[in-house]
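Only one structure is covered here, and it is reproduced in the block below.
Please treat every number below as a calculation from the coordinates, not as lab data. For clarity, every value in this text was computed on a predicted model and none was experimentally measured. Positions of Cβ are generated from backbone atoms using ideal geometry, with glycine treated the same way; all protein chains shown enter the neighbour counts.
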Amino acid sequence: METWQKLLQASITRPGALTRKYGVDPHPLEEVAEQYPMRINPYYLGLIKEVDDPIWRQAVPSEQELQDSVCPSDPLEEENQSPIPNLVHRYPDRVLFQVSSECAMYCRFCTRKRKVGGENMMINRATIENGLRYIRAHAEVRDVILSGGDPLLLSDERLDSILSELRAIPHVEIIRIGSRIPVVLPQRVTMGLIRVLRKYHPIYLNTHFNHPDEITETAAKACARLANAGIPLGNQSVLLRGVNDDPAVMKRLMQKLLAIRVRPYYIFQADMVQGTNHFRTSVEEGLEIMRALRGHTSGLCVPAYVIDAPGGGGKIPLLPDYLQSIGDEVVLKNYLGNPYSYKNVLPAPPGIEPLRVANVGRRRSGARER
Ligand SMILES: *Cc1c(COP(=O)(O)O)cnc(C)c1O
Ligand code: SF4
């Protein structure tokens, strides 16, 4: 058995052992762990420094999970946008394909809390075969995101087989993997795994660091292996109360990510997921964090801040107000709050039809008639 498998097997799945050690009453938490699974492997457990610190809050069940009367269970309507189980087809040219129901640590704020790690998330050879069949039949799908759960919890052999099936589909241009493994169980990034992944380029991997304390030497080594194999690494953080809802913490996180060759891609406003209401912050706090990044540190550190729209509308970017007004002059505010203006290109004078996409099309077809 490999190290990562042993670590996974040694995970804590009941609050008792852990909370007693820290002098916290485990009884109310037992009920929480029954409804929403708990799994903290020894590696991630070792990152906890004290009760309720940012690592603890991500991993240890809280009574507040059962007190959420605000959020629905599937706010992004993923199930509605799944033409077949475990495959979300929301956007025109890409799909999110769930190939694993398990994770190496069950994040308390998970967007798929309704099903990840539970019995109602059924993934097996047949569902994966169905997903592949769907992708083969839909030539518009040029980007496949392997997700879950965590796809990197599959065995090397299973991953190899899924990736080779995907690569055999001519219209699939890129394959992305969404995985928290580099954060929560970096030991899983073995040379064996790397040998599998590197056969199927272009492969992109988006991981999910939320706090600078998660960037350990072991995590850095896992990311280096992936990057050395030619896999561009991105990061999707979630803005979480009591974890990273602080401009200084978020800035440090983004900077440390670049140092391990992970490019910040998204900061998500926390989804309205049942059982996670206590993690949500205001949108103003998110905008404040973005304001503290842009201009104040490397542009490479600045991801897009997005809300994944309730109702399944997809990711919508949010930007602090740099644009004050737009007309003949574009009035702007820079990162220090100082005003600047840019002379706009004037619209065409009256009488001349503005060039619109529709006109271009009409003219072209006119030309063909002649
Ligand atoms: C986030 C997401 C994607 C990918 O979005 P990008 O902006 O291309 O990274 C695709 N499908 C679903 C359902 C998603 O939630
Ligand atoms: S790793 Fe991702 S899918 Fe798994 S519990 Fe965490 S947020 Fe959810």
Check: Just how far, in whole angstrom, is segment 215-260 from segment 284-338 if you go by their alpha carbon centroids?
Finding: 21
Note to self: I'd like the antiparallel share, as a percent to the nearest 5, of DSSP beta bridges with both residues in the chain.
What the structure shows: 40
Margin query: What translational diffusion coefficient, to the nearest whole µm²/s, does segment 112-225 have by Stokes-Einstein, given a Kirkwood radius computed over alpha-carbon pairs, a temperature of 10 °C and 1.306 mPa s viscosity?
Written below: 105
Note to self: Between helix 125-137 and the chain, what is the angle of the helix's C-alpha long axis to the longest principal axis, kept within 0 to 90° and rounded to the nearest 10?
What the structure shows: 10
Notebook entry, point to check: Per 10 Å bin, what percent of the C-alpha pairs of segment 79-318 does each bin hold, from zero upward?
Noted result: 7, 32, 37, 21, 3
Next item on the list: Answer rounded, prolate or oblate for segment 218-345, using the Cα gyration tensor with square roots of eigenvalues a ≥ b ≥ c: rounded when a/c is under 1.5, else prolate when a/b is larger than b/c, else oblate.
Entry: oblate
Check: Between Leu258 and Ile84, what is the spin-label point distance in nm, taking each point 7 Å from the Cα along the Cα→C-beta axis?
Finding: 4.3
Checklist line | In nm, spacing of pseudo-spin labels at Thr218 and Gln324 (7 Å Cα→C-beta vector) | finding: 5.2
Check: Ranked by Cβ crowding within 10 angstrom, fewest neighbours first, how are Tyr342, Tyr44, Tyr36 ordered?
Finding: Tyr342, Tyr36, Tyr44
Notebook entry, point to check: What number, in percent, do you get for the relative contact order of segment 1-143 if the mean sequence gap of Cα pairs under 8 Å and at least 6 apart is divided by its residue count?
Noted result: 22
Next item on the list: Mind pulling the angle between the C-alpha long axis of helix 156-167 and the longest principal axis of the chain? Nearest 10 degrees, somewhere in 0 to 90.
Entry: 20
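Which order do the peptides 283-290, 123-130, 343-350 take when ranked by the mean count of other beta-carbon atoms within 10 Å per residue, highest first?
Final packing ranking: 283-290, 123-130, 343-350.
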Next item on the list: Could you work out how far apart the two model spin labels at Tyr91 and Ser155 are, taking each label as a point 7 Å from the Cα in the direction of the beta carbon, and quote it in nm?
Entry: 3.3
Check: Pairing the Cα long axis of helix 247-259 with the longest principal axis of the chain, what angle in degrees results, from 0 to 90 and rounded to the nearest 10?
Finding: 90
Note to self: Using a 10 Å cut-off around each Cβ, can you sort Ile135, Ile316 from fewest to most neighbouring Cβ atoms?
What the structure shows: Ile316, Ile135
Check: For the chain, modelled as a Gaussian network with Cα springs under 10 Å, which listed residue fluctuates most, Gln67, Gln269, Gln255?
Finding: Gln67
Notebook entry, point to check: Fewest first, what order do Met121, Met38, Met1 take by the number of other Cβ atoms within 10 Å?
Noted result: Met1, Met121, Met38
Next item on the list: Grab the beta carbon distance between Asp53 and Ala126, set R0 = 51 Å, and tell me the FRET efficiency rounded to 0.05.
Entry: 0.75
Check: Residue separation times 0.36 nm, minus the C-alpha to C-alpha distance between Leu332 and Asp25: what's the value?
Finding: 105.2 nm
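Suppose the chain between Gln5 and Ser69 were pulled fully straight at 0.36 nm per residue; how much longer would it get relative to their current alpha carbon spacing?
Taking Gln5 through Ser69 to full extension adds about 19.3 nm, to one decimal.
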